[in-house]
Amino acid sequence: KAGVTQTPRYLIKTRGQQVTLSCSPISGHRSVSWYQQTPGQGLQFLFEYFSETQRNKGNFPGRFSGRQFSNSRSEMNVSTLELGDSALYLCASSVGGSGNEKLFFGSGTQLSVL
Amino acid sequence: GENVEQHPSTLSVQEGDSAVIKCTYSDSASNYFPWYKQELGKGPQLIIDIRSNVGEKKDQRIAVTLNKTAKHFSLHITETQPEDSAVYFCAAPREGGGGADGLTFGKGTHLIIQP
């Protein structure tokens, strides 16, 4: 079974631009979560989607948004990029039946904002 | 929300020795405690998890112990090998209890296995 796929692997943007990251979950998984990883703050929860609905959201500004499609694939968007948005963005999928499930992470998208 | 503290931030052990990483959590309602291993250039990978209805769980050279009274849990790796070198993260439910509300992660422990 294929793992979680994230594209692109690397991105370089400038301040003020917007970016869209993509995540394809493991086949059969209906929940997709997004995390931001930085050296200073570590891994921080962005949001979680299940059956095309956002179920939970972390403490990030409205510039961070996401969506999930009917095939469970997910995208996250960051608008008006700031230097502090430079980070590794990780997507994780799970079966999604309930909370506290095993998460399967992709390799991430490394975003650099110049 | 949940707060997770992880220690040490760096741990260097001789190959073949044991390694122990400790985490404390704040929300007594938390009932699920996973450990993830992250190798360079990869996303975190779940290596073991424990639920609050048990005190210990083992999987070959890896074990996790949970002390609900003290609100801490630990990862134990025995007979360490070079491939154990990685960053290890502990986690707990972000809002305690159940629900798909995401995880709060510790800051990570960089485990170095010395040959």
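Brief remarks on what is shown
- Ranked from largest to smallest solvent-accessible area, with a 1.4 Å probe on the protein heavy atoms, B:I21, A:I12 come out as A:I12, B:I21.
- Relative pair counts by distance (%), Cα atoms of the protein assembly as shown, 10 Å bins: 8, 33, 35, 20, 4, 0
- Rounded to the nearest 10 Å², the accessible area of B:H76 at probe 1.4 Å: 60 Å²
- Using every pair of distinct Cα positions in chain B, the Kirkwood expression returns a hydrodynamic radius of 14.1 angstrom.
- Solvent-accessible area per residue, Å², over chain B with all protein chains present [probe radius 1.4 Å]: 47 Å²
- Solvent-accessible area per residue, Å², over chain A with all protein chains present [probe radius 1.4 Å]: 46 Å²
- 24 Å tail of the calculated P(r), chain A, as % of Cα pairs: 18 percent
- Summary of the geometry: region B:37-115 and region A:25-46, compared by the centres of their Cα atoms, lie 17 Å apart.
- Carbon and sulfur %, accessible surface of the protein assembly as shown computed with the full protein complex present, 1.4 Å: 48 percent
- The value of relative contact order for chain A, using C-alpha pairs under 8 Å at least six residues apart, is 36 percent.
- Annotation note: GluC sites (Glu not before Pro) in region B:2-91 located in DSSP loop regions with a Cβ neighbour count of at most 14 within 10 Å are B:E15, B:E39, B:E79.
- Highest-fluctuation residue, B:R61, B:R51, B:R94 considered, GNM on chain B with Cα pairs under 10 Å: B:R61
- Protein-protein interface of region B:13-39, residues with accessible area decrease of at least 20 Å², isolated chain reference, 1.4 Å probe: B:Y32, B:Y36, B:Q38
- Between B and A, accessible area buried - total, square angstrom, nearest 100, 1.4 angstrom probe: 1700 Å²
The values are calculated or read from the model by the stated rules, or taken from the named source; none is laboratory data. Computed from a prediction, not measured in an experiment: that's the story for all the values here. Positions of Cβ are generated from backbone atoms using ideal geometry, with glycine treated the same way; all protein chains shown enter the neighbour counts. Remember, those area values only see protein heavy atoms, side chains included, never the ligands or the DNA or RNA. Shrake-Rupley method; radii C 1.70, N 1.55, O 1.52, S 1.80 Å.
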